[in-house]
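Below is one structure, written out as structure tokens; the observations come after it.
The values are calculated or read from the model by the stated rules, or taken from the named source; none is laboratory data. This one's a predicted model, so the numbers in the text were calculated from it and none came from an experiment. For neighbour counting, all protein chains shown are included, and Cβ atoms are generated from backbone atoms with ideal geometry for every residue, glycine included. In case anyone asks, the SASA skips ligands and DNA or RNA and just uses the protein heavy atoms, side chains included. Shrake-Rupley method; radii C 1.70, N 1.55, O 1.52, S 1.80 Å.
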Amino acid sequence: MAALGTLHRPPPASSVTHHIFASRVLLLLTALPLALASLAFVLQWRGGVDDPASRWPAADARMFPGMGNSPLSSSASPVPSVAARSASDCVEILGGSSLPSFPYYRGWKFDLDKDLKPKVSLCLNLQICITTSTSAGLDQILPWLFYHKVIGVSQFLLFVEGKAAKPHVSAVLESIPGYKSYTEPENWRRNKQKGFFYKPCNYELFVKQSLNMEMAIVMARNARMDWIIHLDTDELIHPAGAEEYSLTRLLSDVPANADMVIFPNYESGVERDDIKDPFSEVSMFKKNYDHLPRETYFGMYKEAARGNPNYFLTYGNGKSAARIQDHLRPNGAHRWHNYMKIPNEIKLDEAAVLHYTYPKFSDLTSRRDRCGCKPTKEDVKRCFMLDFDRNAFIIASTATEEEMLRWYNEHVVWTDKRLNLKLLRKGILTRIYAPMAIVQALRESGVLSSAIAAAQVPSEEKLNSPNQNLQNKTSALPDLSVGASKKARTRGSENTSQATARKIMEVAGGTESAVPPLSPPGLDDLRMFWLN
């Protein structure tokens, strides 16, 4: 009986209390979501929620990508095509904006700290000017020009001669918005050969570029440009390191106190001897010393040079962009300076100038045909500043076609795939595809061919007098002479133009102060490296 009494004993009070509490919690967890759902339904039914999407005008209705061909899309309210939409007012590239847009958050407000810097700005009003001195033809100038339009260049100031100054080439180029061409005055050409450097070919080109850059500064300032860059037509800016592949974005992020931006140059590494269009066929480049660890650069120097006089075939001191301001002047073709101060310059860690160096076999003979030097080791020093240019000129002047091709493959073309792979893994060589993709897209889209077709055929009068318009443009060039009277300038005095050239180039201690094309550091600098 005692055992039965124990079995039928009522449960303790604490157990009953715990059971009641658990039941109430379960009821609360069940009723609360139902109450919230009911409240949300009532508010929406009465119009209590102001959805910004409901305020979009019906005429500007947009669908998410992929809904255009969906059976759920209504034919009664068609969505306008991309081509029918208006382009951005901030950035215009080749007639339309290529900036990505995502309009589905229209009307929403995001309360951000005012000190936060936006990561993307659709209205970059930075105005960038590129100036060059060229004798190239349309096959080289057009892709060069439109590529730089794509990455944000606003204006091009070309000082032309040779093929670039021919009437049909000028007609095409002058039809492109933002392009202006000028021929150099004949008395400047005589001055450079007669009494300035006393040396032809590359030395003459060096002076010509500096004089043209001086005029380009005045023109760019009158056009209210913000930045000016001197670039050859065998070079492309590679704006790596920016949030977008945009030179505009890159320069807009430069600190306000920087006067000059240095772009280290990379040198093309062609892998065939039959390249026809370097901009769309070459993707391998040798990195600049400034973008490599010093141990890697000097440790792999001999393998990277491949028996040539230096690490690069030609120059290695890069190019620069200058902020347009008072007293700006050129300091050779690679740098800028200022009459009143030493510019504050910064060097970019990722962006570069891609230099397509001897990318075509025909470049050997074309350089030879432009220079009148004798093919001897002593005489070529009058024509060329760098050793490889001198060697190439001698080979092109003395060897047979077969010998030239063999020499070109040994010294220019990267035929050793094992070496290429090794240097790629070490970081000496790199693959860059963006310029190639842009130029190929420009060709496939018909932009380049359309520019040629859109140009008006020169009139009979222009054909009979091909330099008429260019001479008119020359007369509009800014007068850079110092202390010369208007009467003397009108007479075209040779003494006046000579004084002009000397004034431009002799600032800050003479012509030696101008920065020439320089080779990268060589093995002779290895001792300094270990000392540092």
Query raised in the report: Would you call residue 335 over 18 Å from residue 516 (Cβ atoms), open to solvent by 30 Å² or more (accessible area, probe 1.4 Å) and under 29 Å from the mean Cα position of the chain (by Cα)?
Result: no
Query raised in the report: If you go through region 426-444 one residue at a time, do you hit one that is under 18 Å from residue 287 (Cα atoms) and of a type in the set (Lys, Arg)?
Result: yes
Report task. State the number of residues belonging to region 394-412 that are surrounded by 14 or more Cβ atoms within 10 Å (Cβ to Cβ) and not in a helix (DSSP H, G or I). Result -> 2
Report summary line: Considering region 1-40, residues that are part of a helix (DSSP H, G or I), at pLDDT below 60 and not hydroxyl-bearing (Ser, Thr, Tyr), and then whichever is least open to solvent (accessible area, probe 1.4 Å), we arrive at 5
Query raised in the report: In region 374-385, which residues are surrounded by fewer than 20 Cβ atoms within 10 Å (Cβ to Cβ) and in a loop (DSSP other than H, G, I, E, B)?
Result: 374, 375, 376, 377, 378, 385
Query raised in the report: So residue 414 clears everything in (1) more than 16 Å from residue 268 (Cβ to Cβ); (2) modelled with pLDDT of 95 or more; (3) not acidic (Asp, Glu) except one condition, right? Which one?
Result: (1)
Report summary line: residue 199: passes all of (1) at pLDDT 85 or above; (2) surrounded by 18 or more Cβ atoms within 10 Å (Cβ to Cβ) but (1)
Query raised in the report: Can you tell me which residue in region 418-451 is nearest to the chain's Cα centre (by Cα), limited to those that are outside any helix (DSSP H, G or I), modelled with pLDDT of 95 or more and not aromatic (Phe, Trp, Tyr)?
Result: 432
Query raised in the report: Of all the helices (runs of 4 or more DSSP H) wholly in region 212-330, which have at least 1 residues that are free of Cβ contacts under 8 Å to residues at least 24 places away in the same chain, of a type outside the set (D, E, K, R) and open to solvent by 10 Å² or more (accessible area, probe 1.4 Å)?
Result: 294-299
Requested in this report: Quick one: residue 415 ticks every box in (1) part of a helix (DSSP H, G or I); (2) open to solvent by 50 Å² or more (accessible area, probe 1.4 Å); (3) closer than 23 Å to residue 287 by Cβ except a single one, so which number is it?
Outcome: (1)
**Report entry** Unmet requirement for residue 363, which otherwise passes all of (1) without any contact (Cβ under 8 Å) to a residue 60 or more places away in the chain; (2) touching a Ser or Thr at 6+ places or on another chain (Cβ under 9 Å); (3) surrounded by fewer than 19 Cβ atoms within 10 Å (Cβ to Cβ); (4) of a type outside the set (Phe, Trp, Tyr)
**Finding:** (3)
Query - region 338-360, residues that are among the hydrophobic types (A, V, I, L, M, F, W, C), touching a residue at least 60 places away in the same chain (Cβ under 8 Å) and open to solvent by 10 Å² or more (accessible area, probe 1.4 Å) - result: 346, 348
